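Enquirer: Here it is, the structure, as structure tokens.
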Amino acid sequence: RATRIGESTLADWMNSATSGSGSGLPFLVQRTMARQITLTNCIGKGRYGAVWKGMWQGEPIAVKVFASRDEQSWARETEYNTVMLRHSNILGYIASDMISRESDTELWLVCYYHPLGSLYEYLQRTELDHQLMLQLCLSAANGLAHLHTDIVGVCGKAAIAHRDIKSKNILVKNDLTCCIADLGLAVTHNSEEDQINIPKNNRVGTKRYMSPEVLDETLNTSSFECFKQADVYSFGVVWEIARRCVSGGLVEEYNPPFYDVVNYDPSFEEMRKVVSVDNYRPVIPNRWSSDPSLSLLSKLLRETWCKNPSNRLTIHRLAPAITKEIYPSNDMDPLLSLAPKVDEKTYARN
Ligand code: ADP
Ligand code: MG
Ligand code: MG
């Protein structure tokens, strides 16, 4: 029997979908979605295997393939995506499935495909104008704000902290707004019982983007606020975007944060020394100070990089501050409500 996720819990589905022989192998998967997908080419490699472009019912889709030993990570991403995560700035999820290939079981996560790829790749090949820069920053901020938001209702949404915010985990959509991807390390917060479900794996993100408190291991893992504060630090990814914005004929080349002080694959110790001990932060280029939008972003960046996590802006303050730069006449109180989404009709480029 093929059961669809959404009809039952993941655990029910895993049980009903296995053969019952104790092998854990799926029972009669031939008719399921994975069998209808043709994988065409590999579009990304990350920690847990590869991401493929595929075709399903005539449409391009993206398939993240997990080996069966990474089941935990697959189950986690699947679970988050089935709890009201739909938002235009969060990677759209289609389905999860398993498939047996070469005597192993692969676990698939099927999502919408974004041909422009990650923000990391996009920024290397593209120079931005002001509008595009702000639009990329704001849309990514809106995605993170939605993740961090706890929606209480008959069918609501738990607050989620991402724990691996970086330009490789943000995708650029065809309308040139961003969506947040890769929930493999995320944690959710049960606000009623104030409980955090910490994943069993102890990988805590990407060293280059780790906050000082993650690096010196002082993050209070029993407070959900602390995980959100660490995400905001990593959201300094805005610096990578702003460097690519042309002003007065000047622009910086693409570089990842801390390119000036650490090598390609910095160790935990190196990053701890730079960020936590020496309190060094990415350099704000001089030219930014003579440009209103870049000055605003540098001010916001300083407030996301504070050593003391509780002095940082929350994402719910940062997003409206960018909105104000885009819509100066908007008289909505930015501190009371979430930023509106970028109007796609006004900002779309062909
Ligand atoms: P991992 O958990 O292994 O890091 P990700 O989900 O971050 O996997 O995906 C790895 C890379 O694959 C991304 O950095 C991006 O370049 C590419 N990628 C992932 N999902 C998509 C997608 N839906 N459309 C286009 N490219 C994608
Ligand atoms: Mg990733
Ligand atoms: Mg990941």
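Rule-based calculations on the coordinates, nothing more; no lab input. This structure is a prediction, so every number in the text was calculated from the model and none was measured. Note that we place each Cβ from the backbone using ideal geometry, even for glycine, and neighbour counts take in every protein chain shown.
Enquirer: Taking the number of other C-beta atoms within 10 Å as the exposure measure, put Tyr209, Tyr280, Tyr93 in order starting with the fewest.
Expert: With the sparsest Cβ surroundings first, the list reads Tyr280, Tyr93, Tyr209.
Enquirer: While we're on this one: Evaluate E = 1/(1 + (r/R0)^6) for Arg317 and Glu193, where r is the Cβ-Cβ distance and R0 equals 22 Å; express this FRET efficiency to the nearest 0.05. Please list the in-between numbers first.
Expert: Numbers: r = 27 Å, r/R0 = 1.22.
Here the calculated transfer efficiency is 0.25.
Enquirer: Still on this structure, I have one more. Once label points are set 7 Å from the Cα along Cα→Cβ at both Ser290 and Lys273, what is their separation, rounded to one decimal in nm?
Expert: About 3.7 nm, to one decimal.
Enquirer: As an exercise, use a Förster radius of 30 Å and the Cβ-Cβ distance of Tyr112 and Leu250 to find the FRET efficiency, rounded to the nearest 0.05.
Expert: In this case the efficiency is close to 0.25.
Enquirer: Arranged by the count of other C-beta atoms within 10 angstrom, fewest first, what order do Arg272, Arg312 take?
Expert: By the 10 Å Cβ count, ascending, the order reads Arg272, Arg312.
Enquirer: Between Val283 and His130, how high is the FRET efficiency from 1/(1 + (r/R0)^6) when r is the Cβ-Cβ distance and R₀ = 22 Å? Nearest 0.05. All intermediate terms of the calculation are to be shown ahead of the outcome.
Expert: Numbers: r = 21 Å, r/R0 = 0.95.
Rounded to the nearest 0.05, the efficiency is 0.60.
Enquirer: How far apart, in nanometres, would the label points at Ser103 and Thr38 be if each is projected 7 angstrom from Cα along the Cα-to-Cβ direction?
Expert: About 2.9 nm separates the two model spin labels.
Enquirer: Using the Kirkwood formula on the Cα atoms of region 94-212, what hydrodynamic radius do you get, in angstrom to one decimal?
Expert: 16.6
Enquirer: Quickly work out the Met84-to-Val261 label distance, labels modelled 7 Å from Cα along the C-beta direction, and quote it in nm with one decimal.
Expert: Each label point is offset 7 Å from its Cα along the Cβ direction, giving 4.1 nm.
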